[in-house]
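Have a look at the structure below before the remarks.
Values quoted throughout were computed directly from the atomic coordinates according to the rules given, and no laboratory measurement underlies them. Since this is a predicted model, take the numbers as computed values, not measurements. Cβ: placed from backbone, ideal geometry, glycine included. Neighbour counts: every protein chain shown.
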Amino acid sequence: MAREAVIVGVGDVPLKDGKVVGGGSVLQVQARAAKAALDDARIPMRDVDGLLVAGMWGVPGPGQLASVTLGEYLGIHPRFADTTNIGGSAFEAHVAHAAMAIEKGYCDVALIVYGSVQKSERSRALGGRPSILTMQFENVWGIPQPVGGYALAARRHMHEFGTTEEQLAEIAVATRKWASLNPAATMRDPITIDDVMNSTKVSDPLKLLDCCLVTDGAGAIVMTTADNARAHGAKMTHIRGYGEAHTHWSIGAMPDLARLTAAEMSSQRAFQMAGVSHDAIDLVECYDSFTITVLMTLEALGFCKRGEGGQFVMNQRTAPGGAFPLNTNGGGLSYCHPGMYGIFLLVEAVRQLRGEAGDRQVKKVDTALVHGTGGTLSSGATVILANS
Amino acid sequence: MSEPQAYEKPQPVIDPGTKPFWDAAREHRLSIPRCRACGKHHFYPRELCPHCHSDDLEWTDASGKGEIYSYTIARKPAGPVFAADVPYVIAMIALDEGPRMLTNIITKDVEQVRIGDRVTVRFDDVTPELTLPKFTLDKD
């Protein structure tokens, strides 16, 4: 019988005011998240033979060798490693890569890990990267990164389709309502459209409350075969489809600033593989680095037509009780955003599918779509998860 | 006598693939690659044409004219070295030759910038070795 790869464990670390409780290095917080996910899966660390890592950390010098460093720290000797780093969407791609490796018999238990202590270390800055290679043509102009690139996309989307700042604000307000139901969320006080509109201008048309948080955080996912999951008595989440794509790195090279091409490509493949229609999706968890990211993603995923994202999110459609539950943990906008957020989309989707999401639990979630975006609208990776 | 103020903003680390662009800028020319195989221009400069992947490329002087494809007004600076410039405009220009490039719009009134505005290159000699091609609004 063919091997089927399933998700059997999810884990994260407690946050308070956006900082990891008890503090810790970037290696410590990843080890804690890994242990939480493995405990959830009822699988011991010694069984892990596949390690998938992407991060912003590493010992400076030639190469970063993230999986090699973390494997050593965890005391494991993986025979499959993947350090694909396409930005915050890397972890959705890791699920796809791990599924292929497990189904081929290349590994049996895959651990996907991310962690960051950027808030505790105050290591985040808008200045961006050194002006080498392709960046010679980006940051000499003083573009605040990454918000400036997203602002250029937002402005173009508004120009082409009449999208308004108030429509973008709808997303921030709805996401905050979800965060208010999540005790782990960093920002839980309700906000209004006016609060978003009157928040500090950052890079027009994006304002402070259009932007994700800067927090710590760590998360992990464990995958294995369905047979192994049954043997351990683990809860299984099935992986029905996946896809990934990237189109550019420099914002100047984005094919169309008002169109999220990478998400169109990755989601079409995922839907095709899953063999389900949009109607079958009960829940969407999509990367919300900025409000515009969400709006363009919803269009690219095909939940509304191109240019109609602004209309789609109006009247708090994506809020608790709305017709389209979205980013139910409070998202990068209000829950946490430790630099690369994609792993938390997966953690939340699995918790919702299992019915473990507490006050924010969405009723009748059998199929969920998770979509990560990385870089500056550069990469997309989609995963469709289901209970059966 | 006071020393001229040092330019502290990010400067490109010029490499062999990009040197012709920066050399031309120092001579106040906007030079971009054109593909002899498909006839299309591209920017930033690459070793292979990103449209047809030919390696048969030549450097050509662009007109320095174009229009604003999108823009943002930075209300927060990209680090302390840009703090004195706030608010300033970063724009993506669609050059008349086709490619888009990121740049600054130099204007006294950042609020008047609009998508579709016609623009013309203006060379800013920021150091004796470095010239940045920025743009001005034709309506200014």
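In this structure the amide hydrogen of A:Ala54, modeled in the peptide plane, comes within under 5 Å of the amide hydrogens of A:Val113, none closer than 5 places in sequence on its chain. Across region A:112-212 the C-alpha pair distances fall into 10 Å bins from zero in the proportions 13, 33, 36, 16, 1 percent. Put the Cα centre of region A:277-301 next to the Cα centre of region A:223-261 and the gap is 14 Å. For the pairs B:Lys76/B:Lys134; A:Lys201/B:Lys139; A:Lys19/A:Lys363; B:Lys40/B:Lys139; A:Lys35/A:Lys177; A:Lys177/A:Lys363, note any where the Cα-Cα span goes beyond 22 Å. Among B:Lys76/B:Lys134; A:Lys201/B:Lys139; A:Lys19/A:Lys363; B:Lys40/B:Lys139; A:Lys35/A:Lys177; A:Lys177/A:Lys363, the Cα-Cα distance tops 22 Å for A:Lys201/B:Lys139; A:Lys19/A:Lys363; B:Lys40/B:Lys139; A:Lys35/A:Lys177.
When peptides B:79-87, A:249-257 are sorted by average Cβ neighbour count within 10 Å, with the highest value leading, the order is A:249-257, B:79-87. Averaged over the residues of A:142-151, the number of partner chain Cβ atoms lying within 10 Å of the residue Cβ comes to 6. For region A:276-317, what is Rg from Cα atoms divided by 2.2 N^0.38 Å, rounded to two decimals? Scaled against compact globular proteins, the figure is 1.12. Rg of the Cα atoms in the protein assembly as shown, relative to 2.2 N^0.38 Å, amounts to 0.99. DSSP beta bridges fully contained in chain B are about 95 percent antiparallel. Please identify which residues in region A:341-375 have an amide N closer than 16 Å to a label point set 7 Å out from the Cα of A:Ser123, following the Cα→Cβ vector. Answer for region A:341-375: A:341. Centre-to-centre separation between the Cα atoms of region A:91-162 and those of region B:61-104: 22 Å.
In whole percent, what relative contact order does region B:19-137 give with Cα contacts below 8 Å and a gap of six or more residues?
Once divided by the residue count of region B:19-137, the mean separation gives 24 percent.
How well do other chains shield peptide B:64-74, expressed as the mean number of their Cβ atoms within 10 Å of each residue Cβ?
Rounded to a whole number, the mean comes out at 6.
Taking a span of 18 Å or more along the helix axis (Cα atoms) and a mean Kyte-Doolittle hydropathy of at least -1.0 as the rule, the DSSP H helices of chain A that qualify are A:26-41, A:90-103, A:147-161, A:165-180, A:261-274, A:342-354. When peptides A:7-16, A:362-371 are sorted by average Cβ neighbour count within 10 Å, with the highest value leading, the order is A:7-16, A:362-371. Show log10 I(q)/I(0) for region B:19-137 at q = 0.16, 0.20, 0.23 Å⁻¹, two decimals, from a solvent-free Debye sum over equal Cα scatterers. The calculated log intensity ratios at q = 0.16, 0.20, 0.23 Å⁻¹ are -0.80, -1.11, -1.28.
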